[in-house]
């Protein structure tokens with residue numbers, strides 16, 4: 001009877017041991033255990049952009065009002081541009097400057113209270129006079145005088161107090177307050193002196209649901225001028241739908257774009273002035289000869305009619 005239950009008990013103990021055994025750690029081929037780490041947390045929110053299918057770094061930079069070379073530098077992307085992947089998170093605003101690690105913090109200096117040490121028959125510290133050399137001098141002790149009527153009268157005599165008469169003062173003559181002339185108000189950093197990029201006829205105005213800028217009809221080779229002073233941050237054909245494109249950055253807020261050119265006359269990084277010829281009108285990536293012109297504020301298209309002077 002006992003021999004019949006021994007195999008059953010042994011099998012039960014073996015199964016219990018299997019269930020309680022911890023999973024074996026992952027090891028590499030050399031036999032060293034490999035720790036499993038959690039995937040890194042991707043940043044998100046304001047100042048970051050998640051790449052979607054079909055995005056290019058040029059378009060991402062344009063949509064966020066930045067130079068594509070700056071976006072590449074902020075995200076460690078080598079130039080010429082490496083491919084970006086769907087779902088990749090890119091920084092599209094300048095990183096905040098790092099705090100100075102070597103800054104010295106000043107703390108107030110505190111001193112411990114001075115403990116007076118003296119014998120019982122010495123006068124207190126308040127009665128001691130400290131000269132400039134730092135050594136304390138004690139005042140002479142008060143001696144005792146024998147009692148007499150003369151001494152008593154002398155000690156109880158009240159000192160005579162002379163009250164000095166204050167000099168007469170006349171009220172000061174009040175002069176009217178002179179206020180300085182107000183300083184002239186300086187132009188803000190967002191102010192841009194705009195001009196029309198071409199003298200050609202305007203054929204299509206700005207539309208939120210359609211054209212994100214102005215379209216001008218012209219002839220092949222008509223001059224395309226910079227609408228304001230700035231720096232060329234893009235010159236090429238890497239943005240689908242724009243053809244040969246020039247983008248000028250005017251300040252931290254405004255960009256202007258000039259699309260469908262036949263020929264580009266400026267280079268990236270070049271400074272341009274308002275009215276300078278930067279391209280020749282054409283029909284690249286368009287069904288007719290035209291200039292498509294955009295003004296972008298912080299990367300978002302705005303109506304150029306709000307900024308261009310009256311014709």
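We did not get these values from a lab; they are worked out from the coordinates using the rules stated. In this text the structure is predicted, and so the values were computed from the model without any measurement. We place every Cβ from the backbone using ideal geometry, glycine too, and count neighbours over all the protein chains shown.
Screening the candidates 227, 286, 259 for the property of being touching a helix residue (DSSP H, G or I) at 6+ places or on another chain (Cβ under 9 Å) and either surrounded by 22 or more Cβ atoms within 10 Å (Cβ to Cβ) or under 21 Å from residue 201 (Cβ atoms) (or both) yields one hit, 227.
Within region 206-218, which residues are in a loop (DSSP other than H, G, I, E, B) and over 36 Å from the mean Cα position of the chain (by Cα)? Walk me through how you get there before you give the answer.
Here is the first cut: in region 206-218, the residues in a loop (DSSP other than H, G, I, E, B) are 206-213, 218.
Listed by number, the list holds a single entry, 218.
Filtering region 192-205 to residues that are surrounded by fewer than 17 Cβ atoms within 10 Å (Cβ to Cβ) and part of a loop (DSSP other than H, G, I, E, B) leaves 193, 195, 199, 205.
Restricting to region 219-249, and then to whatever is in a loop (DSSP other than H, G, I, E, B) and under 31 Å from the mean Cα position of the chain (by Cα), can you tell me which residue is farthest from residue 292 (Cα to Cα)?
The initial filter retains those residues of region 219-249 that are in a loop (DSSP other than H, G, I, E, B), namely 219-222, 226-229, 237-243.
In the following step, the residues that additionally are under 31 Å from the mean Cα position of the chain (by Cα) were identified as 226-229, 238-239.
Values: 226: 13, 227: 13, 228: 16, 229: 19, 238: 16, 239: 13 Å.
For region 219-249, the residue satisfying everything is 229.
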